[in-house]
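See structure below.
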Amino acid sequence: MAGTTHSRTTPPTTEPDGEPRRGLAARVSLGKVFAPVPSEFVLISSAALLLTAFGLVMVLAATSATSTAAGLGPFDTLIKQSVFAAVGIPLMFVLSRFPVTFWKRIAWPALIGATALQLLVFVPGIGIENDGNRNWIGIAGVQAQPSEFLKVTLALWLGLVLYRKRSLLTKWQHVFIPVVPVGGLVIATVLAGEDLGTSMILVLILLAALFFSGVKLRLFIIPLIGAVAAVAALAVASPNRMRRIMSFLDADCLADYLETCYQPMHGVWGLAAGGVFGLGLGNSREKYAWLPAAAHDYIFAIVGEELGLIGCAVALGLFALFAVGAFHVVRKTDDAFVRIAAGAITVWIVGQALINIGVVLRVFPVLGVPLPFMSQGGTALLSVLIACGVLLSFARTLPVKPAAYVLP
C-alpha cells in the first residue's frame, strides 16, 4: 500500500521465556575460535612445528646405534623425546590463547618458582652432576634441567619490570634496580652449578630486554661491558674452560687430538663428510660413539653428515622463518611489555641456535648449549615450546590485515 513503510527488525536474541538463544551463543563462540590470526602467528607456529619434527627425526638418527649398543631399543631415546613433544606442542597452542594480562600477572611468581626449582640441584639426593656441571635434578626416575625454565621466566619478568619503569628509564638507578640484582641472583644459581653456557644465554636475555626497552646507549653499554668482563673472569678462573678456549685458538688443533680437540674436530669432520647431499639419513659414521654429545650439543654435525649442505640450509631456513615472524611481533606491537619480552625470547632462541651452530663450525669454543627444538633433551624442548606459546599469545594481539576483495 502506498505510503506504508516496512521496517526490518533484528531477530530477538532471547527465547520467549527470557533464556538466551543457544544457537547464537554457539555461533559467537565458534567465531572466536576460528577467527583469523596474523601472519606472524602462522610463521612462528609453522617454524616451531617443523623444527620440532626435524629434531625428532635427527634424534632418532643420532641415537639409534648407541641405544642398541647399550642394550636398549633403537627407538628408546626417540620415545622419551616424543613424550615431551607430545606435551609441549598442545601446551604451546593452549598458552597462545592466554591474554597478555595473564603473562604480566604471572611474571613474578613464575620467576620465583623457576629459581626455587633451580636450587633443587644443590639438594643431596635430588641434584645430579654430569661432566662437571651440577645443573640437573632427578625425581621419580625423571631427569630435568631446571635452568631451561629460567630462560622464559626471566624474559617475562624483565618485560614486566622494564614495562612498569618505561617512563623512568632515563635514570640509571631505575634501569639497573631491580634488574641487575635480581637478574644477577638468578644467573648466580646457574653459575654455582658450573654451567657457563646456560649462564651466558641468561645474560644474553637480560641484555636483549634492556636493548628492546629503549634505554640510552650509554646505559646499555655498561652492563654489556660488565657481562663480557664477568665471562672472561669466569673463563680464566677455570682450567677446563681455558683449555677449551686455547684449543679453539690453536691452529694446529690435531696436536691435542685426544684431549680438548677431540670433540670439535669430529664435529667438523662430520660436517665435511656430508658434502652437499649428505651420506643419507641414518648413515652417519660419527654417531657410532665417535662424536661425543652427538644428539645433544653436536646434533647439527649429524644433520650435516647425513643430509649434507642441503639439510643444514633447511634447518637454517626454518630458524630464519621463526626469526622473521618473532621480530615482526617486536616491531609491530604497541605494548612495551610485549616488545621487551618478545624481543628477549627471540634473541634467546635465535641467539642460542647461532651459538650452537657456531660451536659445531668451530667459530666459537665449546660452550655446551643445545640447539633449540632439535637437540635431545626433554626439558629444553618443553621450555622452548612454552616460549613459543608466549610469542603466539603476543602475536594474537597484532592487527589482522583484511583480505583484499577482488571484483568478479
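The values are calculated or read from the model by the stated rules, or taken from the named source; none is laboratory data. From a predicted model like this one, the values you see are computed outputs, not experimental measurements. Using ideal geometry, Cβ is built from the backbone for each residue, glycine included, and neighbour counts are taken over all protein chains shown. Please note that ligands, DNA and RNA were not included when accessible areas were found on the heavy atoms of the full protein model with its side chains. Shrake-Rupley method; radii C 1.70, N 1.55, O 1.52, S 1.80 Å.
Legend: residues Ile355, Ile222, sorted from most to least accessible area (1.4 Å probe; ligands, DNA and RNA excluded), read Ile222, Ile355. The mean accessible area for residues of the chain, using a 1.4 Å probe and ignoring ligands and nucleic acids, is 49 Å² per residue.
Return the sequence-ordered ³J(HN,Hα) values of the range 238-245 in whole Hz as given by the Karplus equation 6.51 cos²θ - 1.76 cosθ + 1.60 applied to θ = phi - 60°, using x for Gly and Pro. Couplings: 10, x, 5, 5, 5, 4, 5, 5 Hz. Projecting the Cα atoms of Trp108, Tyr257, Ala86 onto the charge dipole of the chain (Cβ charges, centred on the Cα centre) puts Trp108 farthest toward the positive pole. Among Asn240, Asn135, Asn283, the largest mean-square fluctuation in a Gaussian network model of the chain, built with springs joining Cα atoms closer than 10 Å, belongs to Asn240. Normalising the average separation of contacting C-alpha pairs (under 8 angstrom, six or more residues apart) by the number of residues puts the relative contact order of the chain at 27 percent.
Charge dipole of the range 69-224 (Cα centre as origin; +1 on each Lys and Arg Cβ, -1 on each Asp and Glu Cβ, all else neutral): 1060 debye, rounded to the nearest 20. Under a 10 Å cutoff between Cα atoms, tell me which one of Val228, Val179, Val276 has the largest fluctuation in the Gaussian network model of the chain. Of the options given, Val228 has the highest mean-square fluctuation. Left without a cysteine partner by the 4.7 Å Cβ rule in the chain: Cys312, Cys388. Projecting the Cα atoms of Ala48, Gly377, Ala65 onto the dipole axis of the chain, where Lys and Arg carry +1 and Asp and Glu carry -1 at the beta carbon, places Ala48 farthest toward the positive end. Each Lys and Arg Cβ is given +1 and each Asp and Glu Cβ -1; about its Cα centre, the range 120-209 then shows a dipole of about 660 debye.
Applying Stokes-Einstein at 37 °C and 0.692 mPa s to the Kirkwood radius of the range 101-144, computed over alpha-carbon pairs, gives a translational diffusion coefficient of 282 µm² s⁻¹.
Note on the chain: GNM, Cα springs under 10 Å; of Ile310, Ile225, Ile386, the largest mean-square fluctuation is that of Ile225. Lysine pairs in the chain whose alpha-carbon atoms fall under 22 angstrom of each other, counting only those eight or more residues apart or on distinct chains, come to 11. Computed over protein heavy atoms with a 1.4 angstrom probe, the accessible surface ordering of Val330, Val182, largest first, is Val182, Val330. If only the Cβ of Lys and Arg carry +1 and only the Cβ of Asp and Glu carry -1, the dipole of the chain around its Cα centre is close to 1720 debye. With respect to the chain, whose longest principal axis is taken over its alpha-carbon atoms, helix 100-119 is tilted by about 30°. Ligands, DNA and RNA left out, the 1.4 Å accessible surface of the chain is 69% carbon and sulfur atoms.
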